[in-house]
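No lab work stands behind these numbers, since they all come straight from the coordinates. Bear in mind the structure is a predicted one, so any value in this text is a computation, not a measurement. Note that each Cβ is placed from the backbone with ideal geometry, even for glycine, and that neighbours are counted across all protein chains shown.
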Amino acid sequence: NRALMGSNMQRQAVPLLVSERPYVATGLESRVARDSGVVVEATDSGTVAYVSADKIIVSKDGSVPNKKTPKTDYQVYELRKFMRSNGGTCINQKPIVKLGQKIHKADIVADGPATDQGDLALGRNVLVAFMSWCGYNFEDAILINERLVRDDVYTSIHIEEFECGARDTKLGPEEITKDIPNVGEEALKDLNHDGVVRIGAEVNPGDILVGKITPKSETELAPEERLLRAIFGEKAADVRDTSLTVPSGTSGIVMDVKVSSRKETKQTKMSANERRKQLKQLQDEFEEKKTRLTEDLTEALSNILLGEKIPLDVVNVQTGEIIIPANRKITKTLLRKLAAAYDHIEIDPSPIQIKIQSIINEFSGKFAELDLEQERDLDRAESGDDMDSGMIKQVKVYVASKKKISVGDKMAGR
């Protein structure tokens with residue numbers, strides 16, 4: 001029960017600005033970091049050819065690959081930068097290898113959130129005194145040094161998501177715009193021409209993130225406005241400001257903005273026949289992409305197998321068919337059959353099997369991505385759109401803010 005409580009409390013830990021490995025460890029830190037999937041492990045041995053904040057390239061000879069370099073001779077590791085987790089914390093991967101460094105398979109090349117040199121690092125190594133201090137640390141209270149707050153020792157980055165949508169109302173459509181009535185230039189300085197805040201802007205409570213106007217109903221108009229409208233057909237003042245603003249208690253820097261618009265109204269009122277045609281077209285496009293990817297896999301296999309002989313049978317485990325018989329000269333046709341059944345083949349363990357499997361593993365990820373994309377696009381086409389009905393435009397704004405340790409935060413548990 002204590003182990004369960006301890007592990008559940010460790011899940012509540014937020015990643016700090018600077019992670020630090022524990023001096024007193026259990027020995028499981030590295031295993032936990034690997035199993036959690038937040039660190040990046042090397043898939044093959046080699047030498048680091050290129051390192052930047054968001055990408056690591058490892059090649060066999062340490063040289064930066066070009067277009068002619070076979071894909072089996074190098075690995076590219078794309079790092080996740082400043083992404084928002086479901087808990088609102090910041091997911092950021094940092095490289096821990098240097099240019100020219102030799103690495104082995106399964107070595108950790110990049111740290112994730114709350115890890116340091118590949119080890120789990122949930123807290124900081126600070127001096128702790130078990131003593132009473134004028135009753136301030138009564139029962140479960142902890143007294144901390146001011147410097148821990150001032151020097152950002154226990155500071156974390158949190159990313160908050162704010163959402164705003166323009167809908168079609170009975171009185172007319174809402175509009176996301178910079179042209180907002182009765183709002184000064186100072187309040188609009190960080191908005192772009194579409195009325196959405198720019199990335200990198202520093203925002204504080206009350207600042208406008210997305211400018212939005214909504215049509216007013218007759219009942220909301222003042223008597224003099226109704227008179228003007230009746231006489232001149234005045235329409236300028238019959239909108240109200242419904243902009244998305246930063247709530248109180250939140251401040252930070254805008255780090256990302258995502259804008260999605262509804263497809264044309266014709267799309268949503270499509271007949272069943274037209275929708276069937278669209279689905280067929282989408283399926284044909286994906287079949288073409290899959291064929292091209294299979295051809296790329298055939299080419300990659302050709303580099304090591306074309307014209308060679310394998311002393312073992314290559315079998316399709318699903319059908320039981322022998323795709324390439326043992327000691328048969330390998331042709332392009334046989335390789336195409338092998339590529340088409342890439343996820344159902346079986347070869348007895350051997351050096352050539354390792355080479356074939358490494359190429360297939362590289363491509364199986366691409367096939368999986370394509371299948372996922374196809375499923376997502378077909379679902380979207382069948383449902384007509386990926387936004388709520390009545391929604392014209394949707395804007396998501398991500399604001400990153402630093403949170404210092406404050407009263408009420410849990411320092412330790414168990």
Put one equal scatterer on each alpha carbon of region 272-383, apply the Debye formula with no solvent term, and list log10 I(q)/I(0) at q = 0.20, 0.24 1/Å to two decimals. -1.01, -1.32
What distance in nm separates the simple spin-label points at S260 and V126, each placed 7 Å from Cα in the Cβ direction? 4.1
Those helices of the chain passing the 24 Å axial Cα length cut-off and the mean Kyte-Doolittle cut-off of -1.0 (DSSP H runs only) are 351-383
Taking amide hydrogens as modeled 1.01 Å from N in the peptide plane, which residues meet the under 5 Å criterion relative to D44, leaving out close sequence neighbours? A106
Of the convex hull enclosing the alpha-carbon atoms of region 2-125, the direction-averaged projected area in nm² is 8.6
At what distance in nm do the modelled label points of S217 and I144 sit from each other, each positioned 7 Å from its Cα along Cα→Cβ? 4.9
Please turn the phi angles of region 106-112 into ³J(HN,Hα) values with the Karplus equation 6.51 cos²θ - 1.76 cosθ + 1.60 (θ = phi - 60°), one per residue in order, whole Hz, x for glycine and proline. 6, 5, 8, 9, 8, 7, x
Partners for K98 among lysines (Cα-Cα distance below 30 Å; same-chain residues under 8 apart left out): K55, K60, K67, K68, K71, K81, K355, K366, K402
Check the straight Cα-Cα distances from K102 and name the aspartates and glutamates below 12 Å, setting aside those fewer than 8 residues away within the same chain. D44, D61
Given the DSSP H assignment, sum -39500 (n - 2.57) over each helix run of at least 4 residues in the chain and divide by its residue total; what's the result at 222 nm in deg cm²/dmol, nearest 500? -9000 deg cm²/dmol
Among V109, P351, T250, which residue has its Cα positioned farthest towards the positive end of the charge dipole of the chain, with +1 placed on the Cβ of Lys and Arg, -1 on the Cβ of Asp and Glu, and the dipole taken about the Cα centre? P351
Dividing the Cα convex hull volume of the chain by residue count, how many Å³ per residue is that? 264
Which value results when the Cα radius of gyration for region 1-47 is divided by 2.2 N^0.38 Å? 1.45
Cα lying deepest toward the dipole's positive end in the chain, options A230, V39, M411, charges on Cβ: V39
Under 8 Å for C-alpha pairs, at least 6 residues apart: give me the relative contact order for the chain, rounded to a whole percent. 18
